[in-house]
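First the structure, then my questions, so here it is.
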Amino acid sequence: MEKKVHISLYCKCQLIGWSLASLYWSFNGWYKDGFRLDLAVIQFVLDVAMYILITHLYRNFSIRNHWQDLPLDKLLWRMLIAVPVMGIFYALVTIGKLYLVRLWFMGDVAQTFVDFFNLNAVSILVAGFRLMAIWLLAYHLYHYAKREMRLSVENARLELSFKQSQLDNLSAQLNPHFLFNTLNTIKSLVYINPDAAGRAVDLLSELLRSGLYKGSSMLIRLNEEIALVKDYLELESLRMQERLEYQLDIDVSLSELMVPRLCIQTLVENAVKHGVALEKYGGRIDLIIVEREGFLIITVLNPGKLEENEIIEGIGLRNLKERLDLSYQQLATFRLSETQQIVCAEIKIPII
């Protein structure tokens with residue numbers, strides 16, 4: 001089966017646009033004296049080739065300098081400089097082409113290049129400014145609209161992913177197994193340690209409230225996220241007693257940084273559920289948060305073992321990875337590894 005040749009939309013627009021412009025110029029010359037079809041064809045081919053080359057060189061330059069990603073106000077200033085530069089380049093190339101065609105194919109040597117240049121420079125330069133301005137506006141408006149559409153889709157995906165994270169968190173907190181275990185813990189503590197029972201009720205209510213009412217923002221201060229994690233760990237330690245230990249090593253200078261809501265909570269819940277809870281004698285969870293080379297490094301360590309070639313399959317972890325990718329344009333990373341029966345979950349977020 002023959003493979004079809006794919007021509008990009010950009011190439012199609014370049015060919016069609018400049019071909020139509022050149023045909024328009026040929027049509028205008030049709031009514032003038034001395035019109036020659038062979039010269040019209042040569043002019044057509046040269047025009048299409050030269051002007052595609054000029055605009056394509058600009059496209060490569062703008063891509064290399066990431067002009068498509070600039071905000072509109074900064075892009076406009078660059079376009080104001082690019083239009084006259086490209087217009088002058090257009091005029092020089094066009095004047096040179098017209099003179100050489102007259103010289104080679106018509107034998108017209110009566111007029112020197114300087115005289116020909118002085119006679120036609122102004123009109124061709126004005127036409128070049130107009131054509132390059134139209135091309136630049138069309139090119140960048142297309143990419144601007146395309147970027148806005150892409151950002152809208154990504155924002156919608158991010159919001160949907162965040163809502164799913166909220167639902168996952170709330171679902172985990174309302175999970176019958178978790179809820180019944182917590183209520184049974186509270187019941188048993190009522191008789192032997194009423195103060196601890198009261199504390200467990202406070203912690204449970206705070207977790208439920210955070211899932212129901214405090215989830216309007218997709219980003220949250222690090223210290224607020226840590227407070228939620230501490231409540232969760234304290235509540236689980238009341239239930240699991242000596243089977244659960246935890247250690248928090250957090251750089252307090254990072255407390256005001258913004259992080260995706262529930263990102264650390266997801267890692268800690270995963271560490272308890274799939275790590276400590278499955279160990280016969282329980283274990284310890286370490287949460288370490290530091291700044292390194294412009295990145296916020298969040299590490300959660302727990303006892304356990306990853307299966308060989310295991311990938312991130314849990315809904316919560318998949319959701320977390322997608323939110324990180326969308327929020328930080330692939331600059332944030334999430335890594336899950338295991339060394340000597342210690343599972344390490346690490347989030348790396350650029351500090352903005």
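The values are calculated or read from the model by the stated rules, or taken from the named source; none is laboratory data. This structure is a prediction, so every number in the text was calculated from the model and none was measured. We place every Cβ from the backbone using ideal geometry, glycine too, and count neighbours over all the protein chains shown.
For the stretch 68-77, which positions are touching a residue at least 12 places away in the same chain (Cβ under 8 Å) and either among the acidic types (Asp, Glu) or under 21 Å from residue 130 (Cα atoms) (or both)? Step through it out loud before you land on a result.
Taking the stretch 68-77 as the starting set, the residues that turn out to be touching a residue at least 12 places away in the same chain (Cβ under 8 Å) are 68-69, 72, 75.
Those that are touching a residue at least 12 places away in the same chain (Cβ under 8 Å) and either among the acidic types (Asp, Glu) or under 21 Å from residue 130 (Cα atoms) (or both): 69, 72, 75.
Right, another one. Which one of these is buried (at least 18 other Cβ atoms within 10 Å of the Cβ) and either over 22 Å from residue 221 (Cβ atoms) or not basic (Lys, Arg) (or both): 340, 330, 265, 247?
Selected residue: 265, the only one of 340, 330, 265, 247 that is buried (at least 18 other Cβ atoms within 10 Å of the Cβ) and either over 22 Å from residue 221 (Cβ atoms) or not basic (Lys, Arg) (or both).
Looking at (1) within 19 Å of residue 125 (Cβ to Cβ); (2) at pLDDT 80 or above, can you tell me which one residue 65 breaks?
With respect to (1) within 19 Å of residue 125 (Cβ to Cβ); (2) at pLDDT 80 or above, residue 65 is out only on (1).
Go through the stretch 253-291 and count every residue that is touching a residue at least 12 places away in the same chain (Cβ under 8 Å), under 26 Å from residue 239 (Cα atoms) and charged (D, E, K, R).
Final tally of qualifying residues: 5.
How many residues does the stretch 250-262 contain that are among the hydrophobic types (A, V, I, L, M, F, W, C) and crowded, with 21+ Cβ neighbours inside 10 Å?
Of the residues in that region, 2 qualify.
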